[in-house]
Amino acid sequence: MTAASDPGVTAQNDAPEPATGVVLRAEGLTKKFGQVVGLAGVDLHVGAGEVLGVIGDNGAGKSTLINCLTGALTPDSGQLYLDGEPVVFRRPQDAREAGIETVYQTLGVAPALDIASNLFLGREIRRGGVAGQLFRFLDQRAMQQKAEVFLKQLGILTIQNMKQSVETLSGGQRQAIAVARAAAFGSKVVVLDEPTAALGVKESNLVLDMVRQLRDRGLGIVLVSHNMPNVWAVSDRIHVQRLGTCAAVLRPQTHTMSEGVAIMTGAAVV
Ligand SMILES: Nc1ncnc2c1ncn2[C@@H]1O[C@H](COP(=O)(O)OP(=O)(O)O)[C@@H](O)[C@H]1O
Ligand SMILES: [Mg+2]
């Protein structure tokens, strides 16, 4: 698909379509909160095997945008497409079932539980037969084994003991668990809202490495961040959100961070 033949690509978003195809597309999303405009008609697309960075000042509509993509909010108008098919998400569960996982800024991990239990929180594997079906016993061993496979795949080799409770892990390791959970269950798209906001440099790099691995596995990634170096380091394209609209879509190769920030704050116009 070329940009020219695709009605979803506007002048402000004229980057070529990703070679592998668009996995998630939003067209004309609007959302009002009473008189406050959260989104005023936003287009966005992310390809399979692509990282789309999202930057914007406070109040620009980043969270509203993410929430509309992940079923936490239903837009007033506009349309989402997953693999080209129109979809409507009325709640986060709908998006998850469709293959879109979200890592929220406030870590959705349960500190007192072990790593495997955190990975499977809300999606526990039950034992077979009466024990699982009637008494809802969990298959701890299956969860441990699967957790190990996931974490090995993602290269989180520092987390040795799956039975260790999450409260004994560092911030970066906890965030890694949250990303690993999204990676384990997100079959199409992983959305990350400020995943490195509370992390140090080393820990941020761990999370960014995971983002790259997910991209290399063919997932579409939407990464919201205030950290410009992080965004420039991992994004294939960067969506600049401003005053409820998309002010520009940039590439790290063609725009510097300061140019991006200038567009974000309105000091420069595309
Ligand atoms: N639940 C809400 N109720 C009222 N106004 C909201 C709500 N959520 C967001 N807004 C408003 O919508 C605009 C966009 O907010 P938001 O998406 O949170 O921006 P960002 O995440 O970029 O900081 C802001 O003006 C914000 O005050
Ligand atoms: Mg926000």
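The values are calculated or read from the model by the stated rules, or taken from the named source; none is laboratory data. Note that this is a predicted model, so its numbers are computed, not measured. Because the Cβ atoms are built from the backbone with ideal geometry, glycine has one as well, and the counts that use them run over all protein chains shown.
Some values worked out for this structure:
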| read-out | value |
| --- | --- |
| ARG25 vs. criteria over 26 Å from THR265 (Cβ atoms) and at pLDDT below 95 | no |
| Enumeration of residues in region 30-58 that are within 16 Å of ligand 1 (Cβ to nearest atom) and of a type outside the set (A, V, I, L, M, F, W, C) | THR30, LYS31, LYS32, GLY34, GLN35, GLY38, GLY41, GLY53, GLY56, ASP57, ASN58 |
| Unmet requirement for ILE100, which otherwise passes all of (1) of a type in the set (A, V, I, L, M); (2) surrounded by fewer than 16 Cβ atoms within 10 Å (Cβ to Cβ); (3) within 13 Å of the chain's Cα centre (by Cα) | (2) |
| Positions within region 28-46 being within 13 Å of ligand 2 (Cβ to nearest atom) and aliphatic (A, V, I, L, M), in sequence order | LEU39 |
| Hits in region 39-58 (condition: within 25 Å of GLU85 (Cα to Cα), in contact with a Lys or Arg (Cβ under 6 Å, 6 or more places away or on another chain) and not β-branched (Val, Ile, Thr)) | LEU39, HIS45, GLY49, LEU52 |
| Filtered residues of region 59-93 (kept if small (Gly, Ala, Ser) and either closer than 18 Å to VAL23 by Cα or more than 9 Å from ligand 1 (Cβ to nearest atom) (or both)) | GLY71, ALA72, SER77, GLY78, GLY84 |
| Complete set of residues in region 163-208 that are within 16 Å of ligand 1 (Cβ to nearest atom) and either under 12 Å from the mean Cα position of the chain (by Cα) or of a type in the set (Lys, Arg) (or both) | VAL191, LEU192, ASP193, GLU194, PRO195 |
| Listing of strands (runs of 3 or more DSSP E) fully contained in region 47-110 that carry 2 or more residues being in contact with a Ser or Thr (Cβ under 8 Å, 6 or more places away or on another chain) and more than 16 Å from ligand 2 (Cβ to nearest atom) | 50-56, 77-82 |
| Every residue from region 179-195 that is more than 14 Å from ILE100 (Cβ to Cβ) and surrounded by fewer than 23 Cβ atoms within 10 Å (Cβ to Cβ) | GLU194 |
